[in-house]
1. In segment 111-132, what residues are acidic (Asp, Glu) and within 14 Å of the chain's Cα centre (by Cα)?
2. When segment 128-152 is examined, which residues are found to be in contact with a helix residue (DSSP H, G or I) (Cβ under 7 Å, 6 or more places away or on another chain), open to solvent by less than 10 Å² (accessible area, probe 1.4 Å) and in a strand (DSSP E or B)?
3. Looking at segment 99-111, I want the residues that are under 10 Å from Ser51 (Cα atoms) and have a partner that is open to solvent by 50 Å² or more (accessible area, probe 1.4 Å) and not in a strand (DSSP E or B) with Cβ atoms under 9 Å, at least 6 apart or on another chain. Which pairs are those?
4. Do we find a residue being part of a loop (DSSP other than H, G, I, E, B) and under 17 Å from the mean Cα position of the chain (by Cα) anywhere in segment 32-55?
5. When you scan segment 26-71, how many residues do you find that are charged (D, E, K, R), open to solvent by 20 Å² or more (accessible area, probe 1.4 Å) and under 14 Å from Thr155 (Cα atoms)?
6. Starting from segment 39-59, keep only residues that are without any contact (Cβ under 8 Å) to a residue 60 or more places away in the chain, then list their pairs with residues that are basic (Lys, Arg) and in a loop (DSSP other than H, G, I, E, B) whose Cβ atoms are within a distance under 7 Å, requiring at least 6 positions of separation or different chains.
7. Just checking, how many residues over segment 81-97 are outside any loop (DSSP other than H, G, I, E, B) and over 17 Å from the mean Cα position of the chain (by Cα)?
8. Consider Lys81 carefully, then state whether it is within 20 Å of Tyr151 (Cα to Cα) and touching a Gly at 6+ places or on another chain (Cβ under 7 Å).
Amino acid sequence: MKKIVKLALVLCMTIFIMGNVYAALSCHVSVEASKTEVSKNEEFTVDFNISDIQSQRGIISIGATLEYDKDSLELVTMEGKNGWETPAEGSSYNPSKGKIAITRNGLGKDDETVFTATFKAKETSKKNLIVTLKDITVADGTSPAKIERAYQNITVKDGTSNPVPNPGTDEDTNTGNNTDTDTNLVENKVTNNNKNTNKDTTTNTLNKNSANKGNLPKAGETTAMIFVVLIVLAVLVAGIFLIKIKIIDKKLDK
């Protein structure tokens with residue numbers, strides 16, 4: 001009976017120590033156009049999607065930078081979808097820098113479109129274009145997780161010939177002043193949202209790759225290492241606790 005009680009105490013202690021360890025946040029972000037080949041003066045839409053959400057709570061805020069060639073494309077309008085707010089100029093969208101910071105009307109775990117943008121190819125458009133969402137910050141109410149970029153290539157059939165843009169550089173995108181280091185719009189939006197959640201924070205990492213739409217960095221290794229270390233520490237503490245109980249039992253028996 002004593003052994004059962006001891007094992008129960010050790011098990012409870014281990015569960016208590018590990019109870020505050022959150023699984024790493026992960027999801028898939030993609031950029032998908034209604035048409036990948038358009039003509040000059042033609043409008044098309046681009047969906048910015050989130051899917052495969054792995055979170056105990058669900059996603060509630062997203063911050064990012066929208067990049068596209070302003071000499072070739074005109075941003076006609078943007079619209080929030082599925083409970084996400086619409087990026088609005090002057091509050092949740094800074095057009096000169098492309099900064100976007102929006103929240104959801106509640107925590108969400110479903111695969112869904114976050115917002116849709118309508119573009120129009122200009123008369124002076126180049127042939128090879130790219131629409132990119134980069135420096136993405138996603139939060140579930142705990143510490144924000146970051147991802148590099150997701151993108152979609154667009155071809156203007158009768159556009160001026162130019163090299164195919166490289167999504168890893170800014171050489172072929174004219175986004176105004178997106179290289180500015182001022183990120184207050186995004187950071188304040190995400191921070192203020194997190195202040196409304198009375199939960200412990202933990203380090204989260206996005207670790208899914210966006211196939212053909214954007215390359216998301218593999219991550220989660222640091223979180224996994226911390227998780228393993230915590231398990232080892234929990235076992236060590238439990239072992240020490242069990243040894244102390246045995247010593248006390250021996251003294252009582254004497």
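The values are calculated or read from the model by the stated rules, or taken from the named source; none is laboratory data. This structure is a prediction, so every number in the text was calculated from the model and none was measured. Quick reminder, even Gly has a Cβ in these numbers, built from the backbone with ideal geometry, and neighbours come from all protein chains shown. Calculation scope for accessible area: heavy atoms of the full protein, side chains included, ligands and nucleic acids excluded. Shrake-Rupley method; radii C 1.70, N 1.55, O 1.52, S 1.80 Å.
1. Asp111, Glu112 - these are the residues of segment 111-132 that are acidic (Asp, Glu) and within 14 Å of the chain's Cα centre (by Cα).
2. Ala139
3. From residues that are under 10 Å from Ser51 (Cα atoms), the pairs are Lys109/Arg57; Asp110/Asn82.
4. Yes, that holds for at least one residue.
5. Summing the residues that are charged (D, E, K, R), open to solvent by 20 Å² or more (accessible area, probe 1.4 Å) and under 14 Å from Thr155 (Cα atoms) in segment 26-71 gives 6.
6. Here the result reads Ile53/Lys109, each pair linking segment 39-59 to a residue that is basic (Lys, Arg) and in a loop (DSSP other than H, G, I, E, B).
7. 3
8. Against the criterion (within 20 Å of Tyr151 (Cα to Cα) and touching a Gly at 6+ places or on another chain (Cβ under 7 Å)), Lys81 does not qualify.
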